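Laboratory data are not the source of any read-out in this text; all were calculated from the coordinates shown. Only a predicted model underlies this, so the values are computations on that prediction, with no experimental measurement involved. Note that each Cβ is placed from the backbone with ideal geometry, even for glycine, and that neighbours are counted across all protein chains shown.
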Amino acid sequence: WQNQNTVVIGKNQNALAECRVALLESEGGRLARRSSGGGAVFHDLGNLNFTFLLPQQDYDLPRQLSVIQRACASFGIGAVLSGRNDVVLENTGAKFSGNAFRFSSGRALHHGTILISADLDKLSRYLAPPAHKYQSKGVASVRARVSNLCECNPAVTIENMRYALADAF
């Protein structure tokens, strides 16, 4: 699934500490809050989002993230899991997939992003408020160097990745 020009923040985050809200809104963007934790992310039509919804006893993060790894491998892209529940490029360590989770009533929700050809200029402008301007008790995002998968292989498109994810699943 996809959203256009949207910053999505985690359930415990302070929007003003994570996003240049006025800039986002002045450029026609939207701000949304999700019910899961995790950091702030930028969505546009170059970003593919996914969701695993399953019984909590079947939740297995390495197994679920291996779907993304296998899909990337089908394009010749090496992907590894990082210590922060992210998927990064094996050769550079640049993040291309962030993940968030929620557990409720015996169910597990795991969703995340995959940067295919996202507008990284907008991502960096919207998600980079001045550090000194806001202080809060909200959970701060972890800033990471990011990359689009199309930079690794131009054959990676949203549509091709959808098929690769389905095959890997």
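Data table
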read-out: Loop-located chymotrypsin sites (Phe, Trp or Tyr not before Pro) in the stretch 1-109, at most 10 other Cβ atoms within 10 Å (DSSP); value: Trp1
read-out: Residue-wise HN-Hα coupling along the stretch 4-18, computed from phi with Karplus coefficients 6.51, -1.76, 1.60 (Hz; x: Gly, Pro); value: 9, 6, 10, 9, 10, 10, x, 4, 10, 9, 8, 4, 5, 7, 10
read-out: Fluctuation leader among Ala40, Ala17, Ala128 - the chain, Gaussian network, Cα springs under 10 angstrom; value: Ala128
read-out: From phi via Karplus (6.51, -1.76, 1.60), per-residue ³J(HN,Hα) for the stretch 46-58 in Hz, x at Gly/Pro; value: x, 10, 9, 10, 9, 9, 10, 10, 8, x, 4, 5, 9
read-out: GluC sites (Glu not before Pro) restricted to DSSP loop in the stretch 1-97 with at most 16 other C-beta within 10 Å; value: Glu27, Glu90
read-out: Range in the chain, longest, excluding exposed trypsin sites (Lys or Arg not before Pro) [loop by DSSP; at most 14 other beta-carbon atoms within 10 Å]; value: 12-83
read-out: Charge dipole magnitude, Cβ of K and R +1, D and E -1 - the chain, Cα centre, debye nearest 20; value: 640 debye
read-out: Label assignment, Rg and Dmax of the Cα atoms in Å derived from the structure, set (1) 17.1, 50; (2) 14.5, 42; (3) 15.7, 46; value: (3)
read-out: Helix 158-168 vs. the chain, principal-axis angle (Cα, 0 to 90°, nearest 10); value: 50 degrees
read-out: Among Leu89, Leu48, Leu31, residue whose mean-square fluctuation peaks in a GNM of the chain (springs only between Cα atoms under 10 Å); value: Leu31
